[in-house]
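Notes follow once the structure below has been shown.
The values are calculated or read from the model by the stated rules, or taken from the named source; none is laboratory data. Worth saying up front: this structure is predicted, and the values here are computed from it rather than measured. Note that we place each Cβ from the backbone using ideal geometry, even for glycine, and neighbour counts take in every protein chain shown. For the accessible areas, the whole protein counts, side chains as well, though only heavy atoms, and no ligand, DNA or RNA atoms are used. Shrake-Rupley method; radii C 1.70, N 1.55, O 1.52, S 1.80 Å.
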2 protein chains.
Amino acid sequence: MDTTQRTEQQRSADRRRRELLEAADRVVLRDGPQASMNAIAAEAGITKPILYRHFGDKGGLYAALAKRHTDALLDSLRAALDAPADRRERVEATLDTYLAAIEARPQVYRFLMHPAEGGQPGDPGFDVGKHSAPLLRRMGEELATVIEERLDLGPGSQQLARVWGHGIVGMMHAAGDWWLGERPCTRAELVRSLADLLWGRLAAAGDKMGGPGF
Amino acid sequence: MDTTQRTEQQRSADRRRRELLEAADRVVLRDGPQASMNAIAAEAGITKPILYRHFGDKGGLYAALAKRHTDALLDSLRAALDAPADRRERVEATLDTYLAAIEARPQVYRFLMHPAEGGQPGDPGFDVGKHSAPLLRRMGEELATVIEERLDLGPGSQQLARVWGHGIVGMMHAAGDWWLGERPCTRAELVRSLADLLWGRLAAAGDKMGGPGF
DNA sequence: CGATGCTTGTTACTAGCGGTAACCCTAGTT
DNA sequence: AACTAGGGTTACCGCTAGTAACAAGCATCG
């Protein structure tokens, strides 16, 4: 049990793992989220059981793959969120960063939003809750902490911040998804519209027709 | 080609179709979205090919199934949205209606959010865009039309309304999904927090620490 | 009456998936 | 030389979606 040997092997295994992940990345980027384990193994130049030895099951591989992209995206978002500017500018920069990312690599984005979808036959468990992609959850929590750290929201601020975190992330996600499909306007316009929504223009707008009854 | 006969057969087919849909409904409600065609056929007391004759493929069945629930939910939402009350109350009622629905039947909700996920092997097409569930899209569009009809938003109102429609729906969806998993507060509190967000409390809140640079 | 279709239903199959058991082979250790 | 440890492969299991191909019941036409 020599430690140097162990680290040697660990390193080798880690390098292999990274190679496999990059191959998987290529396949997912080409075939979308339904890339098969066979295809990934073939792309990596090896066969299935090796994949399973490294990642356990398809969910494990997908989780590892998703973590890389999610971490990268979250780093960008944190940078935008931490920029030295006023709140509105920071919000717009964060929205724009996210939208630019999903615009640049839609397949990766799609993969992140529709992960494993697993559920092997023998498993009787049926996880209500945790439907959405881990990316959404992580972004929501991240934003919640930022909000709670920086904003003075009075009593119940922690809970309020978490609701807002997940809500805002969901708004960004859904609007981005729709925008990516239809492209009804430029990215800048979308960012501005969403920021306007968050800035209370919905509440401030006047009614169009007659009295408030309608 | 007697018309009466034709309607006769049409009626019979429609009744069968409804029976099959109800059986499928039971199975999906029990087994979740990964219910197999075999299981659905067994529940309906028949065998697979009949399902395929009626619905084409799994996507077809799921689409038909989703349409029923989506229509029902949209009707409830429209009712809440059309209530004779002021805007804030209507928004809160709509949020609450949606959240109550997903709370009452989480499996149906999950099914609606993670539909077919189809993609047969031979099909090289890869539809970027249209990732999210049809339910989200339809709710977004619906809300957009309501906003555009009732609010005076100045120039570019149509585009703004659509962005807001999809954004608000996404906010509701993501917050609801998270809430369903963690149950960190009551439904009423969640509704209130989200309405507060839409009412601009994010923009109105004060900074917690020092100057605006941070 | 018999033949023709049409709908309803079945059995039996294909092709591909995720996942695994069993084996092989090479390297290094004692 | 014997023996173990990993990396690798073949061949399989059970499952899925989807599809022939065939077997009735029942109307209509010649």
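Give the angle, between 0 and 90 degrees and rounded to the nearest 10, that separates the Cα long axis of helix B:134-150 from the longest principal axis of the Cα atoms of chain B.
For B:134-150 against chain B, the angle is about 50 degrees.
Any aspartates and glutamates with Cα under 13 Å of the B:Lys208 Cα? List them, leaving off those in the same chain fewer than 8 positions away.
In chain and number order, the partners are A:Glu148, A:Glu149, A:Asp152.
Carbon-plus-sulfur fraction of the accessible area of chain B, 1.4 Å probe, in percent?
51 percent
Tell me what chain B gives for mean residue ellipticity at 222 nm when only DSSP H runs of n ≥ 4 count, each as -39,500 (n - 2.57), the sum divided by the residue total, rounded to 500 deg cm²/dmol. Intermediate values should be presented prior to the final figure.
On the way: 10 runs with 154 residues, N = 214.
Theoretical 222 nm ellipticity from helices: -23500 deg cm²/dmol.
Find every distance from the label point of B:Ala13 to the corresponding label point in the other copies (7 Å from Cα along Cα→Cβ) and write them in nm, one decimal, shortest first.
So the distances to the same position in the other copies read 6.0 nm.
Note the angle between two axes, namely the Cα long axis of helix B:187-198 and the longest principal axis of the Cα atoms of chain B, as a number of degrees from 0 to 90, rounded to the nearest 10.
On a 0 to 90 degree scale, this one is about 60.
Measuring label to label, 7 Å along Cα→Cβ, what does B:Arg30 give against each other copy in nm, shortest first?
Sorted ascending, the copy-to-copy spacings read 4.3 nm.
With every protein chain kept in place and ligands, DNA and RNA left out, what is the accessible area per residue of region B:9-56? Probe 1.4 Å, answer in Å².
Dividing the accessible area of region B:9-56 by its residue count gives 63 Å².
A:Leu74 label points, 7 Å along Cα→Cβ, one per copy: pairwise distances from this copy to the rest in nm, shortest first?
From this label point to the equivalent ones elsewhere in the assembly: 3.7 nm.
Against the longest principal axis of chain B, how steep is helix B:3-31, in degrees 0 to 90 to the nearest 10, with axes from Cα atoms?
60 degrees
If you take the accessible area of B alone, add that of A alone, and subtract the area of the pair, what total do you get in Å², probe 1.4 Å, to the nearest 100?
6300 Å²
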